[in-house]
Amino acid sequence: MLEIRDLHAAVAGEPILKGLNLTVNAGEVHAIMGPNGSGKSTLANVLAGKDNYEITGGDALFEGKSLADMEPEERAQLGLFLAFQYPVEIPGVSNMEFLKAALEATRKAQGKEEWDSVTLLRKARETCKLVDLDPQFLKRGVNEGFSGGEKKRNEIMQMLLMEPKLALLDETDSGLDIDALQTVARGVNSLRSPERGIVLVTHYQRLLDYIVPDFVHVLSDGQIVKSGGKELAHELEQHGYGWLTGDRNDGKDQSA
Amino acid sequence: MSALLSPEDLKRQALANAQDATESKAESPALAALRDNSLAALKAAVFPGRKTEQWKYTSLQPLADGHLNRRAAAAATPADLPKLGDYRLVLVNGRLDESTSALPDGVTLKREASRLEGLTTPFALYNGAALDDAITLEVAANTDVAGPVQVIHYADGDQPAHCNTRLEVVLDTGSRMTLIEQYLGRGPVLTNAVTAIETRDNAHLSHYRLQSEARDSLHIGTLLFRQTGVSRVDSYQLMAGSRLRRNDVRAFIDKSGAELNMNGIFVARDRTHIDNQLCVEHRVPDCTSNQVYRGLAGEKGKAILNGRIHIHPGASGTLAELSNKNLLLNPGAEIYTKPELEIYNDDVKCAHGATVGQLDAGQQFYLQARGVPLAEAKRLLSLGFVNELVMGLPDQTVADWAQPWLAGELGQSRGADEEAA
């Protein structure tokens, strides 16, 4: 589903990803962990196609197609979804209008049946309830004046409605209290299916208590330095990242 | 190409028409007096040219097509005009369609016009000097008018021509009314419009001014508020660009304690043009004015706002604010905004802010990341920019009408459609 080969990427000219390899198959849940500045969010933004995030080497294939030359909307239409670390506020555009535009564009591109406004409203209301979001939020400006937790739940609500093939969650757990974390986890878990891949980018092991991953990867200085099963997250929780990244830095010092 | 049009040419055309009009018989003595007085003032007036400061960004060259040489002929009222109020008056090319003149209790209609003070621009004077017809609405004291009154000014013609259209309104002591002025039309007609509104003590006016005539039309309009009493005026002005649109809005706040709120949205897409010249005169102490305008220009559209706040020496305790945020959709579009504060009193509180910005890249990416194509993302964000004000309109019927209209204005460029056709 997602195949990343020796990916190099730069943000505003500065190299951040330095030869990253990762394969995500349908039905798998991957967690990408790592210290601040290791390139986790860069990876998410590069895959989604944000401006100024430039692929400088290697490739990332989604459903066999290179993401490098695709506009962000084409990626989304193919079924890639990024849950933002910092969801954007859009005053004057209601959440409902936003969802309508998003679902019209993606469902049409994916050859799915288009929803009329009544269907869309009903589904949006139902989905709001799943993530404990008051349906009144549908009438408000996108994320306008939402609390941190409400913004994250709004991301999950969008994700559930859009039914992506591959969901990338960029630090969706940051800033959430324990109740909101469980709500978000419940939403993500309900999306798990044999046809769908999920990539969780996170700092902390906490989220992984609720969304149990099949694979855990540690990202450091733009590369994946260790991969393992869910138990790797517990090791990281106990020992920190030092034992992984430290080793690597030592090696660097020796070669220098 | 049409020949270059000078201010002297314009004046010659205006005077010739006005003299014809004053020689024809006047239906009402008040209208006859207004014509004579306006004509006298028009003779002394100077029409704007390229060097006139207040016309710096707006050329009257489109009038070289001969708009002022011809008056738009009488025409029938179109069947499908929007109905936004419980009561509706329609003027076609400046003449009242009498079949539309039902009015609520407490509102009297007169076929006349009489106001001159404060109406000093050459086009407003020409309007007064050449009127065929006009309406004055008088709202009786202590009347709470039952429903919104809609006045449609419709311009209709197949060739360049002009019409003079005029509405005067007086809200007497303790009265309340919602007035919806709507300008619509078909064809390359110049609407030369004057609206003059007086509010007396304890009167409250909610005023809408919706302008969406045909894109090849021209509009030169004056809107005058005179708050002679402790009154409140809430005005909402929504405009789409046309070949030439110019609005001179002037407010005299003349009684202590009066409050004026003006809000506006102007959208200039393709090659359309909108010029707003606002002037608020604070002449007495302890009055409040608050102005919030949002402008948007795209393709080769051009929008101008000049917001003058004039605080006279006696006007201590004035609170005056003006905000104008603008959005430029692409490099070919132009926006000129200038707050102009003239303050002759130290005991006042004035604030002004004017910005010109572009669509936010982060918001565009957020929409794109949800599968929305860039062009549609831009359209949604532009609409969102003006929607914040539209959602604040107190009259739901107007808001419901304005939303799809503005969505259309912000949709695919009509110029592009025409080029494709």
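Readers should treat all values here as calculations from the given coordinates under stated rules, not as data from a laboratory. Note that the structure is a prediction, hence the values are computed from the model and not measured. Quick reminder, even Gly has a Cβ in these numbers, built from the backbone with ideal geometry, and neighbours come from all protein chains shown.
On a 25 Å Cα-Cα criterion, which of the cross-link pairs A:LYS65/A:LYS165; A:LYS123/A:LYS152; A:LYS139/B:LYS83; A:LYS123/A:LYS151 come out too long?
As for pairs spanning more than 25 Å Cα to Cα, those are A:LYS139/B:LYS83.
As a footprinting exposure proxy, order A:THR42, B:THR355 by other Cβ within 10 Å, with the fewest listed first.
Lowest to highest Cβ neighbour count: B:THR355, A:THR42.
Within the set of other residues whose C-beta is less than 13 Å from the C-beta of A:TYR204, count the net charge using Lys and Arg as +1 and Asp and Glu as -1.
Local charge sum for A:TYR204: -2.
What dipole magnitude, in Debye to the nearest 20, does the range B:7-255 give about its Cα centre under +1 on Lys/Arg Cβ and -1 on Asp/Glu Cβ?
Result for the range B:7-255 is approximately 740 debye, rounded to the nearest 20.
Under a point-charge model restricted to the Cβ atoms of Lys and Arg (+1) and Asp and Glu (-1), what is the dipole moment magnitude of chain B relative to its Cα centre, in debye to the nearest 20?
840
What whole-number value in cubic angstrom gives the convex hull volume per residue for the C-alpha atoms of the range B:7-255?
Here the figure is 115 Å³ per residue.
Positive end of the dipole of chain A, charges at C-beta (+1 Lys, Arg; -1 Asp, Glu), about the Cα centre: which of A:ASN36, A:GLY242, A:TRP115 has its Cα farthest in that direction?
The listed residue farthest towards the positive side: A:TRP115.
Modelling each spin label as a point 7 Å along the Cα-to-Cβ direction, I'd like the A:ASN21/A:SER117 distance in nm, to one decimal.
About 5.3 nm, to one decimal.
What are the extents of the Cα atoms of chain A along their three principal axes, in Å, largest first?
64, 39, 35
Just add up the charged neighbours of A:ILE178: K/R +1, D/E -1, any other residue whose Cβ is under 12 Å from the Cβ of A:ILE178.
Once positives and negatives cancel, what remains is -3.
What value, in deg cm²/dmol to 500, does the helix sum -39500 (n - 2.57) over DSSP H runs of n ≥ 4 give at 222 nm once divided by the residues of chain A?
After summing the helix terms and dividing by the residues of chain A, the value is -12000 deg cm²/dmol.
Ranked highest first by the average count of other Cβ atoms within 10 Å around their residues, in what order do B:204-216, A:59-71, A:26-38 fall?
Ranking, from highest mean packing down: B:204-216, A:26-38, A:59-71.
When Cβ neighbours within 10 Å are restricted to other protein chains, what is their mean count per residue of peptide B:376-386?
4
Compute a Gaussian network model of chain B, connecting alpha carbons closer than 10 Å, and tell me which residue from B:ALA130, B:ALA72, B:ALA375 fluctuates the most.
Maximum among the listed residues: B:ALA375.
For chain B, what is the calculated [θ] at 222 nm in deg cm²/dmol (nearest 500), taking -39500 (n - 2.57) for each run of four or more DSSP H residues and dividing by its residue count?
-6500 deg cm²/dmol
Just to be sure I understand: with springs between alpha-carbon atoms less than 10 Å apart, which residue in B:LEU184, B:LEU380, B:LEU305 has the highest mean-square fluctuation in the Gaussian network model of chain B?
Looking only at B:LEU184, B:LEU380, B:LEU305, the largest GNM fluctuation is found for B:LEU380.
Could you tell me which of rounded, prolate or oblate describes chain B, using a ≥ b ≥ c as the square roots of the eigenvalues of the alpha-carbon gyration tensor, with rounded for a/c under 1.5 and, failing that, prolate when a/b is larger than b/c and oblate otherwise?
Because its axes are fairly even, with a/c under 1.5, chain B counts as rounded.
Once the other residues with Cβ under 10 Å from the Cβ of A:ILE90 are scored (Lys, Arg +1; Asp, Glu -1), what is the net sum?
For residues surrounding A:ILE90, the net value is -4.
Select from B:LEU406, B:LEU359, B:ALA140 the residue farthest towards the positive end of the dipole of chain B; place +1 on Cβ of Lys and Arg, -1 on Cβ of Asp and Glu, and compute about the Cα centre.
B:LEU359
At a 10 Å Cβ-Cβ cut-off, how would you order A:TYR204, B:TYR183, fewest neighbours first?
A:TYR204, B:TYR183
Can you put A:THR106, B:THR337 in order of Cβ neighbours within 10 angstrom, beginning with the fewest?
If I rank by nearby Cβ atoms, fewest first, I get B:THR337, A:THR106.
Using a Förster distance of 45 angstrom, determine the FRET efficiency expected from the C-beta separation of A:GLU104 and B:ASP80, and round it to 0.05.
0.95
How much of the DSSP beta bridge set in the protein assembly as shown is antiparallel, as a percent to the nearest 5?
15
Show me the ranking of peptides B:75-87, A:160-172 by mean Cβ neighbours inside 10 Å, starting with the highest.
A:160-172, B:75-87
Please get the size of the charge dipole for the range B:128-184, origin at its Cα centre, with Cβ charges of +1 on Lys and Arg and -1 on Asp and Glu, quoted in debye to the nearest 20.
So the magnitude is around 180 debye.
Most mobile of B:ALA45, B:ALA333, B:ALA161 per a Gaussian network model of chain B (Cα springs, under 10 Å)?
Of B:ALA45, B:ALA333, B:ALA161, the most mobile in the Gaussian network model is B:ALA45.
Mind running the shape call on the protein assembly as shown? Use the C-alpha gyration tensor, a ≥ b ≥ c as the square roots of the eigenvalues: rounded below 1.5 for a/c, prolate if a/b tops b/c, oblate otherwise.
It comes out prolate by the Cα gyration axes.
Using the charge dipole of the range B:3-147 (Lys, Arg: +1 at Cβ; Asp, Glu: -1 at Cβ; taken about the Cα centre), state which of B:GLN13, B:ALA79, B:LEU91 has its Cα farthest towards the positive end.
B:GLN13
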